[in-house]
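For reference, the structure discussed in these notes is given below.
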Amino acid sequence: MLDDFEARNFVSDAAPWTWGDGIEATPPSSPDIHALLGGLSCWWGGEQESFGVTVLPRSVVPTSIIETWQSTLRCDLGIVCLAEQTVGDLWVGVQWYEPGWPQEQTFSESSEIDRVRASAQAVLAMVLPRAQVASGAPQPDLALSPLPECASFDDVVAQWAGAELEAGYPTDWVPSGPIWDITVAAGANRYCGWHLNPAESMQSPLAVEFYIQPLLGAPRAEDLRSTGMAYRDIPGTSSAWLKESVENPGSVRMIVDVGGTRVTVAGGGRSTAEWNDLVSRLADAVSAPGDRG
């Protein structure tokens, strides 16, 4: 789409930005998700800002999502601006990220928002002629309908925890943005989180989050090699890997394959045996992509 020299026309110190590509990223394994949808996404980042170009089959991009993001004056937390256009069977979107901006918009920022949006449009103008020469668009293997809502797992998590948990994971670092919304609508991603407030429950603090990603299956050996995860035999799963936190006992990250659907679980506040039990329960609850209700 762009080479590194061309990317520096827009961000002077831009270099390929891959920190969010791994199996432990937020969200995990984004390149694999985009590939499942028949597309790809490339990012370039500098010290202050970064931008990404995503190309997807137009058939997986709901018009309602694009209209929502285009009508939002402030693009997203940290500013994620979207410039987009359909070219034949393909959709091309440009996002811009500046992590240093405050969450609340001020009058003085309006000119900077205009600059960022103009920059995104300039990137789009450079990429579009290259997309126009592409022939056709691959058809994804997904059902192109959303996975079950998080509320459908409330009972499973509550029974495991022995308490009613509040929805939401206690962090600001959760997936968001137009491309994320597209993958959710297509049934390629679902993110859920819960927590237990000890001040209100008189119990130990607990937090749990997980991603469901159909068709990704088990992670590749080369992706696991640098994570420090160890293989675990957990009932109900095809394969499972676990990493315990040395700094925070009771905190874990787990990646499991449930009949071709990958589930990534993270959290803190329970023993390893209890986390294994949660994963086993989730494995029973996670339906195959073709069995959605």
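Some points to look at:
- Amide H to amide H, with H built 1.01 Å from N, residue 190 comes under 5 Å of 212, counting only residues 5 or more places away or on other chains.
- Among 89, 141, 172, residue whose mean-square fluctuation peaks in a GNM of the chain (springs only between Cα atoms under 10 Å): 172
- Counting only Cβ charges, +1 for Lys and Arg and -1 for Asp and Glu, the dipole size of region 1-75 around its Cα centre is about 360 debye.
- At 0.692 mPa s and 37 °C, Stokes diffusion of region 119-160 via Kirkwood alpha-carbon radius, µm² per second: 221 µm²/s
- Selection from 161, 137, 15 lying farthest towards where the dipole of the chain points positive, charges on Cβ: 137
- Between region 236-286 and region 124-184, the Cα center-to-center distance that results, in Å: 20 Å
- Solvent-accessible area of region 129-190 (1.4 angstrom probe, protein heavy atoms only): carbon and sulfur portion equals 49 percent.
- Between the residues 194, 248, 285, the greatest Cα displacement towards the positive end of the dipole of the chain, with unit charges on the Cβ of Lys, Arg, Asp and Glu, is found for 285.
- Translational diffusion coefficient (Stokes-Einstein; Kirkwood radius from C-alpha pairs) of region 179-288 at 37 °C, 0.692 mPa s, in µm²/s: 224 µm²/s
- The phi torsions of region 269-281, fed into the Karplus equation with coefficients 6.51, -1.76 and 1.60 and a -60° offset, translate into couplings of x, 9, 6, 4, 4, 5, 5, 4, 5, 4, 4, 4, 5 Hz, rounded to whole numbers, with Gly and Pro shown as x.
- Solvent-accessible surface of the chain, averaged per residue with a 1.4 angstrom probe and all protein chains in place: 47 square angstrom.
- Taking amide H as placed 1.01 Å from N in the peptide plane, the amide H of residue 91 sits under 5 Å from that of 56, 58, each at least 5 places away or on another chain.
- Amide hydrogen proximity for residue 217: with H placed 1.01 Å from N in the peptide plane, the residues at 5 or more positions away or on another chain lying under 5 Å are 261, 262.
- Within region 149-214: Cβ-based charge dipole about Cα centre, in debye rounded to nearest 20 (Lys, Arg +1; Asp, Glu -1): 200 debye
- This model, with +1 at the C-beta of Lys and Arg and -1 at the C-beta of Asp and Glu, gives the chain a dipole about its Cα centre of some 580 debye.
- Look at [x] 1.06; [y] 0.97; [z] 1.22: the one that is Cα Rg over 2.2 N^0.38 Å derived from this structure is [x].
- Counted charge near residue 27, where neighbours are those whose Cβ lies closer than 13 Å (Asp, Glu -1; Lys, Arg +1): -3
The values are calculated or read from the model by the stated rules, or taken from the named source; none is laboratory data. This is a predicted model, so every value here is computed, not measured. As a convention, Cβ positions derive from the backbone with ideal geometry for all residues, glycine included, and neighbour counts pool all protein chains shown. The area values use the complete protein model at the heavy-atom level, side chains included, leaving out ligands, DNA and RNA. Shrake-Rupley method; radii C 1.70, N 1.55, O 1.52, S 1.80 Å.
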